[in-house]
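Q: Before anything else, here's the structure in question.
Since every read-out is calculated from the coordinates, none of them should be taken as a lab result. Since the structure is predicted, the reported quantities are computational estimates derived from the model, not experimental observations. We place every Cβ from the backbone using ideal geometry, glycine too, and count neighbours over all the protein chains shown.
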Amino acid sequence: MKKVIEIQNIKRNFQVGDETVHALRGVSFNINEGEFVTIMGTSGSGKSTLLNILGCLDTPTSGEYLLDDIPVRTMSKPQRAVLRNRKIGFVFQSYNLLPKTTAVENVELPLMYNSAVSASERRRRAIESLQAVGLGDRLEHKSNQMSGGQMQRVAIARALVNNPAVILADEATGNLDSRTSFEILVLFQKLHAEGRTIIFVTHNPELSQYSSRNIRLRDGQVIEDTTNPKILSAAEALAALPKNDED
């Protein structure tokens, strides 16, 4: 099975005044293509630092990180930006959509940096991505005309549009109510079933029941790395919830 992510003995230190903070203390794991991995940990566990390294926003102090067989640690910031745009689809807790901009325009954004993609191809791929997340009827809706769940679907469509090696979701259900959270989890499980590689970073241990593997951090170290023997169905959990008033 192809390794999409290889992390070997990663350490990340920060200098705060005279003190050295050891945010990551020798983290190692691989993630294979098609895995749905939950990375968990409370505040201060190092999961945000790890997320920034996985997302090529930061580099480790020492250790190796290979993304799709490409060594990241020695890359320059501009090189990491290109790699990030081509290989990683980000989904943020706060959606990070452009306001007063249509769903299609928001989803087209990552393709703007790729001169090999024409305007018509960009639009076609954006529409396909929005249809894949169930928003084919919301193409021209602007961010301020959508619910939180719809905005998060646009963000997932934007993450998919480049056909990335990895989808990296940071507390992707953190701002949503229970029902909408499960609707988004149903979507992630569907993407996983289609063979997508997903890393879901969360502080909510309940969400780990819906992924194929769980990695838990504490004090900058991996304290648990387990395969989930019985993955719960988000669709079944959703069906058991009371409907929202707006449904």
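Q: When we measure straight from the Cα of residue 77, which aspartates and glutamates land under 17 angstrom away, once same-chain ones fewer than 8 places off are left out?
A: Of all the aspartates and glutamates, those that pass the test against residue 77 - Cα under 17 Å, at least 8 places apart if same chain - are 58, 64.
Q: Sticking with this structure for a sec: Which of the trypsin sites (Lys or Arg not before Pro) across the range 85-120 are loop residues per DSSP, with 12 or fewer other Cβ within 10 Å? If you can, show how the numbers build up before the last one.
A: Working: sites: 86, 87, 100; in loops: 100.
Within the range 85-120, the qualifying trypsin sites (Lys or Arg not before Pro) (loop, at most 12 other Cβ atoms within 10 Å) are 100.
Q: Starting from the Cα of residue 76, move 7 Å in the Cα-to-Cβ direction to define the label point; list residues of the range 91-131 whose amide nitrogen is under 16 Å from there.
A: It comes to no residues whatsoever.
Q: Now for a different question. Report the gain in length on full extension from residue 20 to residue 116: 0.36 nm times residue separation, minus Cα-Cα distance, nm rounded to one decimal.
A: Numbers: separation 96, 0.36 × 96 = 34.56 nm, distance 4.44 nm.
30.1 nm is the gain from fully extending residue 20 to residue 116.
Q: Between residue 69 and residue 230, what FRET efficiency comes out of the Förster formula 1/(1 + (r/R0)^6) with R0 = 35 Å and r the beta carbon distance, rounded to 0.05? List each step's numbers first, then the result.
A: Working: r = 32 Å, r/R0 = 0.93.
In this case the efficiency is close to 0.60.
Q: Under 13 Å from the Cβ of residue 181, count the other residues' Cβ atoms, weight Lys and Arg +1, Asp and Glu -1, and hand me the total. Intermediate results must be reported in sequence, preceding the final value.
A: Values: positive: 153, 179; negative: 171, 177, 183, 206.
With Lys, Arg at +1 and Asp, Glu at -1, the neighbours total -2.
Q: When ranked by the protection proxy of mean other Cβ atoms within 10 Å per residue, highest first, what sequence do the peptides 181-192, 226-237, 5-16 form? Intermediate results must be reported in sequence, preceding the final value.
A: Working: 181-192: 21.0, 226-237: 12.8, 5-16: 16.0.
Highest-to-lowest ranking by the protection proxy: 181-192, 5-16, 226-237.
Q: Oh, and also: How do 88-99, 158-169 rank on mean C-beta neighbours within 10 Å, highest first? Walk me through the numbers before you get to the answer.
A: On the way: 88-99: 18.0, 158-169: 22.2.
My ranking of the peptides, most packed first, is 158-169, 88-99.
Q: Ok, one more. From zero up to wherever the largest Cα-Cα distance of the chain sits, split into 5 Å bins and tell me the percent of pairs in each.
A: For the chain, the pair-distance distribution reads 1, 6, 13, 17, 19, 17, 13, 8, 4, 1, 0, 0.
Q: Something else now. At what distance in nm do the modelled label points of residue 128 and residue 9 sit from each other, each positioned 7 Å from its Cα along Cα→Cβ?
A: Each label point is offset 7 Å from its Cα along the Cβ direction, giving 4.3 nm.
Q: Only bridges with both residues in the chain count here: give the DSSP antiparallel percent, nearest 5. Walk me through the intermediate numbers first.
A: Numbers: 25 of 42 bridges.
In the chain, approximately 60 percent of DSSP beta bridges are antiparallel ones.
Q: In nm, what is the difference between 0.36 nm times the number of residues separating residue 101 and residue 139 and their Cα-Cα distance? Mind dumping the intermediate values first?
A: Values: separation 38, 0.36 × 38 = 13.68 nm, distance 1.06 nm.
Full extension from residue 101 to residue 139 adds 12.6 nm.
Q: Please arrange 70, 223, 127, 156 by how many other C-beta atoms lie within 10 Å of their C-beta, fewest to most. Let's see the in-between values first.
A: Details: 70 14, 223 11, 127 19, 156 27.
Listing 70, 223, 127, 156 from fewest to most nearby Cβ atoms yields 223, 70, 127, 156.
Q: Suppose only helical runs count, i.e. DSSP H with n ≥ 4. What mean residue ellipticity at 222 nm does that imply for the chain under -39500 (n - 2.57) per run, divided by all residues and rounded to the nearest 500 deg cm²/dmol?
A: Values: 7 runs with 74 residues, N = 247.
After summing the helix terms and dividing by residue count, I get -9000 deg cm²/dmol.
Q: Please compare each pair in 2/87; 142/243; 3/87; 2/230 to a cut-off of 20 Å on the Cα-Cα distance and tell me which ones are over it.
A: Working: 2/87 15 Å; 142/243 25 Å; 3/87 14 Å; 2/230 23 Å.
Listed pairs above 20 Å: 142/243; 2/230.
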